[in-house]
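The values are calculated or read from the model by the stated rules, or taken from the named source; none is laboratory data. What you see is a predicted model, and the numbers here were worked out from it, not measured in a lab. In this analysis, Cβ positions are derived from the backbone assuming ideal geometry, glycine residues included, and neighbour counts consider all displayed protein chains.
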Amino acid sequence: MKEQLLDLAKNRRSIYALGRNLTQTPDELADLITKTIKWVPTSFNNQTTRAVILFGENHEQLWDIVAKRLKSEVPSEEAYQKTLQKINAFKAAFDGALLH
């Protein structure tokens, strides 16, 4: 088991090129996310993670709200444009936004 855990840690990765080319249905994704949250270890086993999963128009609206809100928080227009690029990358992902 130790080796399996180490192999998983070594092969983990962050995917930044998000897209919409998934074969899972929204229901399958929601089920996977729900189960993952339930079984992933938490500090002191407190299980405080909660999620809101958004699809379709709600997904688009979330990222529009985030972009609008961050405009007042980011210190310069140049910095905001960089932030906006990252937000748009999230918005371009499959119609599932996860908040926790």
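Condition test on residue 91, is it under 23 Å from residue 23 (Cβ atoms) and surrounded by 10 or more Cβ atoms within 10 Å (Cβ to Cβ)?
Answer is yes for this residue.
Take the conditions surrounded by fewer than 16 Cβ atoms within 10 Å (Cβ to Cβ), in a helix (DSSP H, G or I) and modelled with pLDDT under 90 and apply them to residue 65. Does it pass? Break it down into steps so the answer makes sense when it comes.
Numbers: surrounded by fewer than 16 Cβ atoms within 10 Å (Cβ to Cβ): yes; in a helix (DSSP H, G or I): yes; modelled with pLDDT under 90: no.
So residue 65 fails the test.
Could you please give the count of residues in segment 20-62 that are among the polar types (S, T, N, Q), surrounded by 12 or more Cβ atoms within 10 Å (Cβ to Cβ) and under 21 Å from residue 86 (Cβ atoms)?
Of the residues in segment 20-62, 2 are among the polar types (S, T, N, Q), surrounded by 12 or more Cβ atoms within 10 Å (Cβ to Cβ) and under 21 Å from residue 86 (Cβ atoms).
Spot the failing condition for residue 60; the list is (1) acidic (Asp, Glu); (2) free of Cβ contacts under 8 Å to residues at least 24 places away in the same chain; (3) within 19 Å of residue 92 (Cβ to Cβ), and only one is missed.
All conditions pass for residue 60, except number (2).
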